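To keep things clear, I will list the structure first and then write my remarks on it.
The values are calculated or read from the model by the stated rules, or taken from the named source; none is laboratory data. Everything numeric here is computed off the predicted structure, so don't read it as measured data. For neighbour counting, all protein chains shown are included, and Cβ atoms are generated from backbone atoms with ideal geometry for every residue, glycine included. Areas reflect the complete protein model, heavy atoms only, side chains present, ligands, DNA and RNA absent. Shrake-Rupley method; radii C 1.70, N 1.55, O 1.52, S 1.80 Å.
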Amino acid sequence: MTKRHKTAINLFSYPDYWAECYGVSPFLPTTREEMDLLGWDSCDVIIVTGDAYVDHPSFGMAVLGRLLEAKGYRVGIIDQPDWRNTDDFMRLGRPNLYFGVTAGNMDSLINRYTADLKVRNDDAYTPYGVGGKRPDRAVIVYSQRCKEAFHDVPVMIGGIEASLRRIAQYDYWSDEVRRSVLIDSTADILLYGNAERAMLEVTHQVAMGKSIKELTGIRGTTIVRDTPPGGYTEIDSTRVDWPGKVDQIYSPYEYIPEGKCQTKESQEDPDVMPIRVIPAPLRRGEKLDPEKTYVRLPSFEKVSKDPVLYAHTSRILHLESNPHNARALIQKHGKKEIWVNPPPIPLETPEMDGVFDLPYARVPHPKYKKARIPAYDMIKTSINIMRGCFGGCTFCSITEHEGRVIQSRSHESILNEIEDIKAKVPGFTGHISDLGGPTSNMYTLNCNDDEVQASCRKLSCVYPTICSNLNTDHSPTTQLYRKTRAVEGIHTVSIASGLRYDLAVEDPEYVRELVTHHVGGLLKIAPEHSEKDTLSKMMKPGMGSYERFKRMFDKYSKEAGKKQHLIPYFIAAHPGSSDEDMMNLALWLKTNDFKPDQVQTFYPSPMSLATAMYHSGKNPLKPVTYKSEDVYTPKDYKQRTVQKGFLRYHDQNNWQDLRNTLTKMGRTDLIGEGENKLVPSEDKDKQMHRRPIKPKPGQQTGASHTSNRPTLEKNVALDKARRKSSKPSKKSGSAPSRAGSSPTNTTPAKRGKSKVKSR
């Protein structure tokens, strides 16, 4: 294996497309009228998004649109189209190169449903926060509509929703393993992760006359193949129970022409050269060229029926996530093969600067007029200083999307963005609401040894302890904070992004700077749990790190003459979390006088390691076998409600459930009055007025793996009732059901010659 970092062509070194003569648009056009004002007869690329169009670097469609524009392409935006017919998908005409489809900044199902599968009433990425402006499984629906509108125009899918569904994945909303979204969407290619590199390469190649079907080896892309490519070595990882003695596997793809010696090297074209298959147990000790090696995952048909194989597949996917040593993955879906190319090479600092220095208007499109878009209000004066996260928290999907390698901007670029905010954001008062990213204090932190990083396959750089090769020097971040505070017209710089406190305590000067100048009284951090067994399934540090950080926080707050408090966040019903663990966490909360108001219940997002635990009952942090460690997970609605109730032990609406649970656990000693009690006795209920709870949609059924589970099929009637005013156009024929609304959802209405299907 090559012991060095892999490189990639600089983002801005691609030749400009001929249409660069049109220059920069005030906003990417969303209508034909706007195109006419720009003098365009057509768009080269049309981006379809589930979000309102905000021309800001925190919105993916704006970043990719502006980047393509910088290379000379004419890019149009179709924002939040009516998916019930094809009219909106045709409003900008036929794109010359392709459609780019994204659900938006959030997964459409997480955006629409709570962790208990109740329908949300709002959508932060929509004008006025109105809910229901995008379909469930938006990538599938939008892609199919694009194919219906222009059946011969290529469709590229990407964004967080597509990225986390690039292979077969457990779908919490239908309680089944679904196929790769590339199959269900009928799209031509899928881009995963932050897609600047892949999108520019694909666009350049298509503009040069190549078909997307020919683009089979671009990093950060997933495609559908009929057969694996020739000349590769296949590592067969389709089983977890290999016998003790493993013989070499005959490759079904190998072809040896008659009359040629079988011992002689083939001189055939690489695409038809034989494939060598190595069983996973035999691969150790043999050095294989990662550029000519792929790992075969268990097929969709197998992982959909075998949860243990699903957990094994999840483990392999995560072990192949380092862009400097990852190999391609392949997974059979019926007669087709899903081919996942290795992750994209991380952007260098000058490239990150170039992406964020593009001419964003930094405001929503004027067509929204004075409509409030909640997501924009949250980030309009925030600055993203980095990407990626090496924490590896199993419940989080950031790593699966952005990767573990931190990509940081320069101080100069960040300071320039502050000036841009001052000039462009209406009503700016001098308050920068955040300097951060996925984890605010990972800025510039990376492996000290390029050779080690190029070969490392660890799932986390900070668990179970901080890696000795990790740079933990926060001084670049501290210096950045000081520079931003010194900018004329800036009176406050807040840090609102997540903080990794086990890293922060390695640099007391950083903690002093943060606490003294950048905390507005309350600082949110996320221990997530107090108990070792549960924390081990989260890959989170123990409470010792929290206590150490709290001592520093209190010390520096006192020195600054400020009364400030930590607000810890915790998760209920996480895989591995027993009722006893939650009881101990509740006792910890009471001892420390914390009374959480808003609490989180574990949400099984696609592709995360914790979701694999939830579905399979196995632990993919270790090699998975049928006899390996079982992981308990509360799945029934009642179990999840009780665990959430432990976090809100002070709420009288939870007292009866907690009493019943504590009684079953044999812990009636925690019921009654006094400091050592968790909940009061029933007599206390009679003395207090119990506030009636208004039932919410879906609450009567809850989220369980029983017949009471409120899958999308059961919620669709409620959803339709909420949107009576949004009826499909009569001229469009019958409207399709919301794609993926049940394990056997119907096929959307077909138009023209295109045949589109959804599982």
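For the reader, a short list of remarks on this structure follows.
- For segment 344-357, filtering for residues that are open to solvent by less than 20 Å² (accessible area, probe 1.4 Å) and either of a type in the set (Asp, Glu) or within 16 Å of Ile189 (Cβ to Cβ) (or both) leaves 1.
- Taken over segment 98-132, the criterion of being crowded, with 22+ Cβ neighbours inside 10 Å and either in a loop (DSSP other than H, G, I, E, B) or of a type in the set (Asp, Glu) (or both) is satisfied by Ala103, Gly104, Asp107, Leu117, Asp123, Tyr125, Thr126.
- Lone qualifier among Ser460, Ser413 - being out of contact with any strand residue (DSSP E or B) (no Cβ under 7 Å at 6 or more places or on another chain) and over 26 Å from Ile110 (Cα atoms): Ser413
- Scanning segment 584-600 for residues that are out of contact with any helix residue (DSSP H, G or I) (no Cβ under 6 Å at 6 or more places or on another chain) and of a type outside the set (Asp, Glu) returns Asn584, Leu585, Leu587, Trp588, Leu589, Lys590, Thr591, Asn592, Phe594, Lys595, Gln598, Gln600.
Residue by residue, here is whether (1) open to solvent by 10 Å² or more (accessible area, probe 1.4 Å); (2) closer than 26 Å to His312 by Cβ; (3) in contact (Cβ under 8 Å) with a residue 40 or more places away in the chain holds:
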| position | (1), (2), (3) |
| --- | --- |
| Ala195 | yes, no, yes |
| Thr203 | no, no, yes |
| Met208 | yes, no, no |
| Lys213 | yes, no, no |
| Ile218 | yes, no, yes |
| Thr221 | no, yes, yes |
| Asp226 | yes, yes, yes |
| Tyr232 | yes, yes, yes |
| Asp236 | yes, yes, yes |
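- Against the test of being aliphatic (A, V, I, L, M) and at pLDDT below 95, the options Val425, Val452 yield a single qualifying residue, Val452.
- Contacts under 6 angstrom Cβ, first residue in segment 532-556 being assigned to a helix (DSSP H, G or I), partner of a type outside the set (A, V, I, L, M, F, W, C) and open to solvent by 50 Å² or more (accessible area, probe 1.4 Å), 6 or more apart: Tyr556/Arg512
- Positions within segment 502-534 being closer than 30 Å to Ala311 by Cα and touching a strand residue (DSSP E or B) at 6+ places or on another chain (Cβ under 7 Å), in sequence order: Ile525, Ala526, Pro527, Glu528, His529
- For beta carbons closer than 7 Å, sequence separation of 6+ or different chains, a first residue in segment 623-635 that is open to solvent by 50 Å² or more (accessible area, probe 1.4 Å) and a second that is modelled with pLDDT of 95 or more and not charged (D, E, K, R), the qualifying pairs are Tyr626/Val308; Glu629/Asn619; Asp630/Gly617; Tyr632/Gly576; Tyr632/Ser578.
- Scope segment 137-173; condition small (Gly, Ala, Ser), over 17 Å from the mean Cα position of the chain (by Cα) and open to solvent by 10 Å² or more (accessible area, probe 1.4 Å); matching residues: Ala149
- Among (1) under 30 Å from Thr633 (Cα atoms); (2) aliphatic (A, V, I, L, M); (3) modelled with pLDDT under 95 - the single one Ile330 does not satisfy: (3)
So that you can scan it fast, the table gives a plain yes or no per residue for (1) touching a helix residue (DSSP H, G or I) at 6+ places or on another chain (Cβ under 8 Å); (2) on the phi < 0 side of the Ramachandran plot; (3) open to solvent by less than 10 Å² (accessible area, probe 1.4 Å); (4) not in a helix (DSSP H, G or I):
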{"residue": "Phe390", "(1), (2), (3), (4)": "yes, yes, yes, yes"}
{"residue": "Cys396", "(1), (2), (3), (4)": "no, yes, no, yes"}
{"residue": "Gln453", "(1), (2), (3), (4)": "no, yes, no, no"}
{"residue": "Ile490", "(1), (2), (3), (4)": "yes, yes, no, yes"}
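- For first residues located in segment 289-310 and under 20 Å from Asp175 (Cβ atoms), partners that are part of a helix (DSSP H, G or I) and among the charged types (D, E, K, R) and lie 6+ apart or on another chain with Cβ distances below 7 Å form the pairs Leu309/Lys302.
- No other residue among Ser460, Ser497 is touching a helix residue (DSSP H, G or I) at 6+ places or on another chain (Cβ under 8 Å), under 20 Å from Ile525 (Cα atoms) and in a loop (DSSP other than H, G, I, E, B) apart from Ser497.
- The residues of segment 567-584 that are assigned to a helix (DSSP H, G or I) and among the aliphatic types (A, V, I, L, M), listed by number, are Met582, Met583.
- Gly617 being under 30 Å from Glu675 (Cα atoms), among the small types (Gly, Ala, Ser) and touching a residue at least 24 places away in the same chain (Cβ under 8 Å): no
- If the condition is being within 18 Å of Met378 (Cβ to Cβ) and in contact with a strand residue (DSSP E or B) (Cβ under 8 Å, 6 or more places away or on another chain), then segment 103-124 contributes Gly104, Arg120, Asp122, Asp123.
- Of the residues in segment 608-628, not one is closer than 16 Å to Lys118 by Cα, in contact with a Ser or Thr (Cβ under 6 Å, 6 or more places away or on another chain), hydroxyl-bearing (Ser, Thr, Tyr) and not in a loop (DSSP other than H, G, I, E, B).
- Of the residues His431, His474, the single one that is touching a residue at least 12 places away in the same chain (Cβ under 8 Å), surrounded by fewer than 19 Cβ atoms within 10 Å (Cβ to Cβ) and not acidic (Asp, Glu) is His431.
- Selection within segment 650-668 - out of contact with any Gly (no Cβ under 9 Å at 6 or more places or on another chain), part of a helix (DSSP H, G or I) and open to solvent by less than 70 Å² (accessible area, probe 1.4 Å): Gln652, Gln656, Arg659, Leu662
- Checked against (1) over 25 Å from the mean Cα position of the chain (by Cα); (2) under 30 Å from Lys422 (Cβ atoms); (3) among the hydroxyl-bearing types (Ser, Thr, Tyr); (4) open to solvent by 20 Å² or more (accessible area, probe 1.4 Å), Ser494 passes all but condition (1).
- Condition check for Ala375: open to solvent by less than 10 Å² (accessible area, probe 1.4 Å) and either under 24 Å from Thr221 (Cβ atoms) or part of a helix (DSSP H, G or I) (or both): yes
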